[in-house]
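So the structure is just underneath, and the comments pick up after that.
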Amino acid sequence: MNKLYTVNKSPFERPALETCLRLAKPGGAVLLIEDGVYAALKGTAKSALIDANQGDMKFYVLDSDLEARGLAEKPLIDGVETVDYGGFVDLVCKYDSVHSWL
């Protein structure tokens, strides 16, 4: 059963991303939303978390949340795909269930 995991907390303030990645099953995907989008930025102290897990999971980031935080022009970690709200809905439909990390 493949799950979509959503992470909405900044990895610089809360351990939600670390916990998610530790407990998530291979074959799933992580969608970074709200302040979770900071985890998608290339060259940060948290970039290695995503790099280390890209073989097992897919990573997505919500483009409107990047834009709302002034991050739309910042480089993202290689392999992280941006999605719009329609893409968010497509991901929810694609995976068997959604687990939100708060």
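The set of residues from the range 82-102 being loosely packed, with under 15 Cβ neighbours inside 10 Å and free of Cβ contacts under 8 Å to residues at least 24 places away in the same chain comprises Asp84, Tyr85, Gly86, Val89, Asp90, Cys93. Quick one: how many residues across the range 18-48 are surrounded by fewer than 18 Cβ atoms within 10 Å (Cβ to Cβ), outside any loop (DSSP other than H, G, I, E, B) and of a type in the set (A, V, I, L, M)? Selection size over the range 18-48: 2. Number of residues in the range 74-102 that are closer than 20 Å to Phe12 by Cβ and small (Gly, Ala, Ser) equals 1. Considering Leu71, Leu31, the condition of being in contact (Cβ under 8 Å) with a residue 60 or more places away in the chain and either β-branched (Val, Ile, Thr) or closer than 20 Å to Glu13 by Cα (or both) is satisfied by Leu31 alone.
Regarding Tyr38, is this residue aromatic (Phe, Trp, Tyr) and closer than 16 Å to Leu4 by Cβ? Against the criterion (aromatic (Phe, Trp, Tyr) and closer than 16 Å to Leu4 by Cβ), Tyr38 does not qualify.
Restricting Leu32, Leu41, Leu62, Leu21 to residues that are more than 18 Å from Leu102 (Cβ to Cβ) and in contact with a strand residue (DSSP E or B) (Cβ under 8 Å, 6 or more places away or on another chain) narrows the list to Leu41.
Do the conditions hold for Pro11, that is, is it part of a loop (DSSP other than H, G, I, E, B) and modelled with pLDDT under 95? Answer is no for this residue.
The values are calculated or read from the model by the stated rules, or taken from the named source; none is laboratory data. None of the values given here were measured: they were computed from a predicted structure. We place every Cβ from the backbone using ideal geometry, glycine too, and count neighbours over all the protein chains shown.
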